[in-house]
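Student: Sharing a structure below in structure tokens format, with a few things to ask.
The values are calculated or read from the model by the stated rules, or taken from the named source; none is laboratory data. Every value quoted in this text rests on a predicted model; they were computed, and no experiment measured them. Backbone-built Cβ (ideal geometry, glycine too); neighbour counts: all protein chains shown. Only protein heavy atoms, including side chains, enter the accessible area calculation; ligands, DNA and RNA are left aside. Shrake-Rupley method; radii C 1.70, N 1.55, O 1.52, S 1.80 Å.
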Amino acid sequence: MSELIFKFRKNDQIGAAGAEEDSEYLSSCYVDTGDLALLQDTNDRRQIVLGRTGAGKSALLISLKSKLDSQVIIINPEELALTYVSNSTILNFFCELNVNLDPFFKMLWRHVLTVEVLNHHFELTESDNKKTLLEIISSMFSGDSKKDREMKEAINYLKGWGESFWKETEYRVKEITNKIETSLDGEVKAQLGVNVANLGSAAKAVKKLTEEQRVELHDRGQEIVSKAQVKDLTKVISLIDTILEDRQKKYYVVLDKLDENWVEEKLRYKLIMALILTTKDFIKVKNAKIIIALRRDLVERVFRLTRDSGFQEEKYQSLYLPLKWSKSELIELLDKRIDKLVTRRYTKTKVTHHDLLPEKIHNKSISDYIVQISPRPRDIISFFNICISQATNLSRLKRNELTIAEGEYSRSRLRALADEWSSDYPSL
């Protein structure tokens, strides 16, 4: 390629490090690693997209949404109002009593996911007639077989939520929490004669209790939480499976950004564990798939901090879709982006990294060198963007500019590693 044809500009880039800001390049420079086809297959158990920061988790989910559009349901954790759960005086009180709230968290996820799928399938909004929908579903199970009786029980569960069934997800989370709070608060009032709100902070309130009161409230609280309509929700999953019988209408419920601060840290681990368990339960629904993206270090932390004595991590290995990139795939990603940058302004001739970088550096071929220092998609995009910043008005980088770019990139990677592992190593 002639130097007279192409020169790097100061603000040139081959895309953004974050998939959400990378729409221009992500759609036109997509590299097929086979992972997208696996996610689309509702018969494939792999539904936890697993990888370190920058491995392409969000990019994969965005590509799924782009390809299937109306079949993909996006749930943003920040919109679930789960801070309402973490700020609940009653739930914090029973948590101090060592009541296991996992059944409640699991019920919360099942309810949210169930309603999202049903609303999407029937294309319902808040203004639609709930009675009409339930009449339609009820007519599907009008017989007296065991299956029909179970489906009627599931429908009765949906009816029991009244108008809140139609509300936004945030409203429904608060509604579910309020129902269990009412039951737990009633138990406290029966035992102590006062509401939890009048007892002060959860930790101080528990310290004031006698040992007999603690044991009694713990046992009653655990009983209430454990019986929180879990049986009915199990039947609802069977109901969804029966309703979604059309193999041409498949749905994908996607949750990303679970590693962000959408709720306080201790509760976040419990909620993610409950979501993983719920995701596993939804495998029974043949034409719907729950897909969640998680960093590998976050999964390890969740299991370490929430596991009970009978937990077996290997049972969940089959749910993982680990993102791995070969050298050829990474180089293909880089070359597609370089070609887009160059050819949209200068030439129709295909351009690759070989046209813009030295043939060798540090006694390695330029391809081996790039993959060694930037082994993930985000890394390779960030590294080449830094290379471009060192090449303003040049058409090709020399070893000196590349070495300077490597130093700047290494410093940014060190900061990124500290951010990634700060939860386990706060002083890093």
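Student: What is the antiparallel percent of DSSP beta bridges lying wholly in the chain, to the nearest 5?
Tutor: Restricted to the chain, the bridges split so that about 10 percent are antiparallel.
Student: Which far-off residues, 5 or more places away or on another chain, put their amide H under 5 Å from the one on L321, with H placed in the peptide plane?
Tutor: Q47, I48, V49, L50
Student: Let me ask something additional. Please give the length that would be gained between E79 and A418 if that part of the chain were fully extended, namely 0.36 nm times their separation in residues minus their C-alpha to C-alpha distance (nm, one decimal).
Tutor: Value of the extension gain: 119.3 nm.
Student: Longer than 21 Å from Cα to Cα, which of K174/K280; K250/K270; K324/K360; K147/K284; K10/K324; K106/K315 are they? Say none if no pair is.
Tutor: K174/K280; K250/K270; K324/K360; K10/K324
Student: How much length is gained on full extension from M140 to F122, taking 0.36 nm per residue of separation minus their Cα-Cα distance?
Tutor: 5.1 nm
Student: If you take Rg/Rh (Cα atoms, Kirkwood Rh) from the coordinates, which of (1) 1.04; (2) 0.97; (3) 1.06 do you get?
Tutor: (3)
Student: Within straight cross-link reach of K189, meaning Cα distance under 14 Å, which aspartates and glutamates are found once same-chain residues fewer than 8 apart are removed?
Tutor: E181, E216
Student: What value, in deg cm²/dmol to 500, does the helix sum -39500 (n - 2.57) over DSSP H runs of n ≥ 4 give at 222 nm once divided by the residues of the chain?
Tutor: Helix contribution divided over all residues of the chain: -17000 deg cm²/dmol.
Student: While we're on this one: With a Förster radius of 45 Å, plug the Cβ-Cβ distance of K364 and K286 into 1/(1 + (r/R0)^6) and report the FRET value to the nearest 0.05.
Tutor: 0.35
Student: Right, another one. Just to confirm, what accessible area per residue do you get for the range 298-353 at 1.4 Å probe, in whole Å²?
Tutor: Heavy-atom accessible area per residue stands at 54 Å².
Student: Count neighbours as other Cβ atoms within 10 Å of each site's Cβ, and list the chymotrypsin sites (Phe, Trp or Tyr not before Pro) in the range 270-317 that are DSSP loop with at most 12 such neighbours.
Tutor: Sites meeting the loop and neighbour criteria: F311.
Student: Y251's amide H: which non-local residues (gap 5+, or another chain) put their own amide H closer than 5 Å, with H modeled 1.01 Å from N in plane and none for Pro or chain starts?
Tutor: Result for Y251 returns A288, K289.
Student: Another one. FRET efficiency for E245 and S27, Cβ-Cβ distance as r, R0 = 45 Å, nearest 0.05?
Tutor: Computed FRET efficiency for E245 and S27 comes out at 0.85.
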